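Right, one structure below, let's go through it.
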Number of protein chains: 2
Amino acid sequence: MRHQKIRNMDEFATLSGISRPTISKYFNDPDSVRSSTRDKIEAALKEYDYRPNIYAMNQNRRLTKNIGIVVPYLADPFFAEIARVLERRCIDAGFTPSLYSSHGEQGLENAILDTLRSLKPAGVLLAPLGRASDRKYIEQFCRDVPTILFDSNIEGVGAAFVGSDNFSFVSQTVEYLNRTGNVPCFFEMRDPVNPNANKRRHAYLEMMRRLNLEPHIVKIDGTGWGFEEIGRQGALKVLHDNMLPTKTVLCSNDRLAIGFLSACHELGVTVGRDETCDIRVASHDDHPYSRFTCPSLTTAAHDYESVADHAVETLFQLIDAGGKLNNREERLFAARLIMRGSA
Amino acid sequence: MRHQKIRNMDEFATLSGISRPTISKYFNDPDSVRSSTRDKIEAALKEYDYRPNIYAMNQNRRLTKNIGIVVPYLADPFFAEIARVLERRCIDAGFTPSLYSSHGEQGLENAILDTLRSLKPAGVLLAPLGRASDRKYIEQFCRDVPTILFDSNIEGVGAAFVGSDNFSFVSQTVEYLNRTGNVPCFFEMRDPVNPNANKRRHAYLEMMRRLNLEPHIVKIDGTGWGFEEIGRQGALKVLHDNMLPTKTVLCSNDRLAIGFLSACHELGVTVGRDETCDIRVASHDDHPYSRFTCPSLTTAAHDYESVADHAVETLFQLIDAGGKLNNREERLFAARLIMRGSA
DNA sequence: ATATAAATTTAACGCGCGTAAATAAATGTT
DNA sequence: AACATTTATTTACGCGCGTTAAATTTATAT
């Protein structure tokens, strides 16, 4: 590699002995040029280490190769994990993903959408805040930019939705808990930020109805995205007041359950499927830390890979179709029950 | 707000009654224009909702307003948290941060640096992979792009380093553990990826020497960034073989400790500061989940805010200074001991 | 009222690349 | 070998904004 600095594509074209439009074509799709010229270009590329100016590239292009990925809360390892898979898929497909976290704030979510708008991305994968989202703002954004919603649905917004089937989660845990012991009560936040929480509550009620059992819902206070602490405080209160309606607790999500288990330990309440234990606790999401809780958490796992794959695939279809799909697909993936120590 | 679409700055200039160069000046620094014209521009901005094309903006500018933030592993809530604070600081200062995770892979770290290079950022905040980093690659990058290293130092690379003082972490935990009970052994991975791990081991050995105590280091196998599982497997083995040299365990970091506690629970080994407990466990980092382990984890906390503030401040100085600082400062922040249930 | 400084306007060029049309060359087919 | 087809070259324009220099207007100070 020579240390000669190359200013622009013209210079590189001269040095590689290929015309500039062909070089341009190569960078937009290496397979679009004859293999012999491709070899020449790549040889020169090794020799001179030239990279086209991305700003100049994108300014005059119909569509950039950028993809925006937006999650509501990146400090939640669940979103970090799914973002990781999404990023990888985009890179493999030749796109340049950029990752954004709304940090649970509506203002930031809107600001991110503004930023994305000016990035002129080929498409966007958006997991909205949920109840805290500015629906109209997102709606307008989705009209302008090809967007797939994931994780948390907003009815009718975006070209498609890809997520997990909350009924599949809850039906499996309820069925399992009921079959292997006593009836579960449902432990959740009073005002959940995420619409999945509502779907899960409804699924619980529906399952209990089908099984001809009386449902019990335990609602705890707290706002924001610090679910573990909220779950812990709620559990401390419920356990202390002896207000648990049943000896089996089904938490709406793993992060609440992590807090719940922490409270149990603090109060000396033993948790496990063992007969000698005081209570059982189960949950949903298969959070990356759920296998390291004490005891390890029985939960229902997202099909991360499928959700990510299908979201990205749908986005690529959307991009290929020019930004519009005929009908708004809502694709839900089933959960997988993970039996561990806690229930 | 009228729904008229504005194509470019020229059009917006006409509509707002201000000349284009002045509009351009305004977007580069609103305070650089007279307040009366600023008012006119901002009135028109509300009316027409125009945003300059960022690609056209950046292509012909010496320096963009972009700042790159790179962390080794975003699924680790510690990095997610510090990234959150860094992002916020950059936004508040009028910059546009973009976040990248190396996902523990050298290839990806290098690819991210390539991407950043073509983004022509004003500056970069880089937490390198550590031992897995391609030193020469990073060195070359830092020569071309104003870069501040944080969390994990590479001697002589980058314009400055901002991180935590590992000796401060370990000295406090060792002193505390020794004072309140028996001597701690040091639990760590055999081949740690992060240079902080080595500093912590040395700090442990030094502290034990000062206290005239015999050091014991327990090294466990495992590679990669799945520290919890590595800690768990290591602990299962050590506990099963009864190879723990002392009844107090000081883990190199919280993620290992989370795995350790999980193993203890599985094997029925009780953990806590209480006399009746089998062992005590402490650690370092004050990981976001360390307060929710069972029992909650005694640990030494990073001064997140100070590290983030100082890293960003130093970067801004670096940018103002035109990309070069006279001497490479290495700034370390002290830890704060957090006493919880585990030790 | 005048001198001076500061801000704005006008006019124009350049940045690096996308893209299109016409032409030329290479490759494939019979 | 003649033809059709694919691929590359030449030429030229445009994208939207940064930036500069000179001319002009406006604000501030004397």
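Figures for the structure shown
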quantity	calculated
Per-bin percent of Cα-Cα distances, the range B:303-343 [10 Å]	24, 38, 21, 11, 6
Loop-located chymotrypsin sites (Phe, Trp or Tyr not before Pro) in the range A:121-193 whose Cβ has at most 13 other Cβ within 10 Å (DSSP)	none
Using alpha-carbon coordinates, inclination of helix B:77-92 to the longest axis of chain B, degrees	30 degrees
Sequence of A:GLU206, A:GLU188 from largest to smallest accessible area, 1.4 Å probe	A:GLU206, A:GLU188
Whole-Hz couplings from phi, Karplus 6.51/-1.76/1.60, listed for the range B:188-196; x for Gly and Pro	7, 6, 5, 10, x, 6, 9, x, 4
Within the range B:1-138: Cβ-based charge dipole about Cα centre, in debye rounded to nearest 20 (Lys, Arg +1; Asp, Glu -1)	460 debye
Separation of the A:ASN212 and B:ASN28 label points, Cα + 7 Å toward Cβ, nm	7.9 nm
log10 of Debye I(q)/I(0), alpha-carbon scatterers only, for the range A:9-52 at 0.21, 0.31 Å⁻¹	-0.55, -1.28
Teacher prompt: A:ASP114 distances to equivalent labels in other copies, 7 Å Cα→Cβ, nm	3.4
Sequence-distant residues sharing a close amide H with A:LEU337 (under 5 Å, placed H)	A:ALA301
Distances in nm from B:LYS25 to the matching label points in the other copies, shortest first (labels 7 Å along Cα to Cβ)	4.6
Cysteines (scope chain B) whose Cβ has no counterpart Cys Cβ under 4.7 Å	B:CYS90, B:CYS142, B:CYS185, B:CYS251, B:CYS264, B:CYS277
Helix-derived mean residue ellipticity, 222 nm - over the protein assembly as shown, DSSP H n ≥ 4, -39500 (n - 2.57), to 500	-14000 deg cm²/dmol
Restraint check, B:LYS65/B:LYS324; A:LYS25/A:LYS65; A:LYS25/A:LYS46; A:LYS120/B:LYS136; A:LYS25/A:LYS120, Cα-Cα greater than 23 Å	A:LYS120/B:LYS136
Accessible surface, per residue, of the protein assembly as shown when the full set of protein chains is kept, probe 1.4 Å, Å²	44 Å²
Computed magnitude of the charge dipole of the range A:9-52 (debye, nearest 20; Cβ of K, R +1, Cβ of D, E -1)	120 debye
Added length on full extension, which subtracts the Cα-Cα distance from 0.36 nm per residue, B:GLU155 to B:LEU267	36.1 nm
Label zone at A:ALA56, where the point sits 7 Å out along the Cα-to-Cβ direction: the range B:110-140 residues whose backbone N lies under 15 Å	B:118-120
Under-5 Å amide H pairs with B:THR96, H placed in peptide plane, nonlocal only	B:ASN66, B:ILE67
Summed buried accessible area for A+B [probe radius 1.4 Å, Å², rounded to 100]	3800 Å²
Share antiparallel - DSSP beta bridges, chain B, percent rounded to 5	10 percent
Under the Karplus curve 6.51 cos²θ - 1.76 cosθ + 1.60, θ = phi - 60°, whole-Hz ³J(HN,Hα) for the range B:294-307, x wherever Gly or Pro sits	10, x, 4, 8, 6, 7, 10, 8, 5, 8, 2, 4, 5, 4
Within the protein assembly as shown, percent of DSSP bridges classed antiparallel, to nearest 5	10 percent
Cα gyration tensor, the range B:1-146 - rounded (a/c under 1.5), prolate or oblate	prolate
Nonlocal amide H pairs with A:SER164, under 5 Å, H built at 1.01 Å	A:ASP151, A:PHE333
Percent accessible area from carbon and sulfur atoms, the range B:9-52, protein chains only, probe 1.4 Å	45 percent
Farthest positive-ward along the range B:79-197 dipole, Cα basis, beta-carbon charges - from B:THR173, B:ILE154, B:GLN140	B:GLN140
10 Å Cβ neighbours from other chains, averaged over peptide B:294-304	2
Sites A:THR14 and A:ARG38 - FRET efficiency at Förster radius 22 Å, r taken between beta-carbons, to 0.05	0.75
Heavy-atom accessible area ranking, 1.4 Å probe, most first, across B:SER36, B:SER164	B:SER36, B:SER164
Angle between chain B longest axis and helix B:166-180 axis [Cα atoms, degrees, rounded to 10]	30 degrees
At least 30 Å² of accessible area lost relative to the chain alone, listed for the range A:82-114 with a 1.4 Å probe	A:ARG84, A:GLU87, A:ARG88, A:LEU99, A:HIS103, A:LEU108
Antiparallel bridges, percent of DSSP beta bridges restricted to the range A:166-301 (to nearest 5)	0 percent
Distances in nm from B:ARG336 to the matching label points in the other copies, shortest first (labels 7 Å along Cα to Cβ)	4.2
When chain B is reduced to its Cα atoms, the Kirkwood hydrodynamic radius in Å	22.5 Å
Chain A: angle of helix A:254-267 to the longest principal axis, Cα-based, in degrees nearest 10	40 degrees
Calculated on alpha-carbon atoms, Rg and Dmax of the protein assembly as shown in Å	27.3, 81
Cα-only radius of gyration and Dmax that characterise the range A:166-301, units Å	13.3, 36
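The values are calculated or read from the model by the stated rules, or taken from the named source; none is laboratory data. On a predicted model such as this, the values are computed, not experimentally measured, just so you know. Every residue, glycine among them, receives a Cβ derived from its backbone with ideal geometry; neighbour counts consider all protein chains shown. Quick note on the areas: whole protein, heavy atoms, side chains included, nothing else; ligands and nucleic acids left out. Shrake-Rupley method; radii C 1.70, N 1.55, O 1.52, S 1.80 Å.
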